[in-house]
Amino acid sequence: MTPKQMTPDQIARVCHAVNRAACAASGDHSQPPWDDAPDWQRTSAIKGVEFILAHPQAKPSDIHQNWLAEKVANGWTYGQIKDPERKEHPCLVPYDDLPPDQRAKDDLFQAVVRSLAVHIL
């Protein structure tokens, strides 16, 4: 029997759940489940998956740079606290300036995509 093939949207859902769990493990319980997440958050996860699928040799720093460029293109700016209403985010910095727990989320995201990519439609 062949395993069920996954779409980029399905992989993004798994990535979101892993990111949500990583956030909760560090005391951040602000991440809603996928079905309750705002459209911008789901779209960002899907675009992240698509980037990794299109660039399989990308490093976590490349993934962060892609995420950063997407956020800036959508009007987000740096802010000390994540504020979707004001479009501010503390991770709008170069990859090397991210704290270790934030870098770990990029590593996890990439690992999930690469692990599940073998089952893409």
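The values are calculated or read from the model by the stated rules, or taken from the named source; none is laboratory data. All of these numbers come straight from a predicted model, not from anything done at the bench. Counting neighbours? That spans all protein chains shown, and the Cβs are built from the backbone with ideal geometry, glycine included.
Filtering the range 86-121 to residues that are in a helix (DSSP H, G or I) and either β-branched (V, I, T) or within 18 Å of A69 (Cβ to Cβ) (or both) leaves Y95, D96, D97, Q102, R103, K105, D106, F109, Q110, V112, V113, V118.
Residues that are of a type in the set (S, T, N, Q) and in contact with an Asp or Glu (Cβ under 9 Å, 6 or more places away or on another chain) were ranked within the range 59-102; the one that is surrounded by the fewest Cβ atoms within 10 Å (Cβ to Cβ) is Q80. Residues in the range 37-58 that are surrounded by 13 or more Cβ atoms within 10 Å (Cβ to Cβ) and charged (D, E, K, R) were compared, and the one that is nearest to R114 (Cα to Cα) is E50. If you go through the range 10-36 and pick out every residue that is assigned to a helix (DSSP H, G or I), under 13 Å from the mean Cα position of the chain (by Cα), surrounded by 13 or more Cβ atoms within 10 Å (Cβ to Cβ) and not β-branched (V, I, T), you end up with 10. Can you name the residue in the range 46-65 that is free of Cβ contacts under 8 Å to residues at least 40 places away in the same chain and among the hydrophobic types (A, V, I, L, M, F, W, C) and, of all such residues, is nearest to T7 (Cα to Cα)? The selected residue is I46.
Of the candidates A45, A58, the single residue that is assigned to a loop (DSSP other than H, G, I, E, B), of a type in the set (A, V, I, L, M, F, W, C) and either at pLDDT 95 or above or under 20 Å from R103 (Cβ atoms) (or both) is A58.
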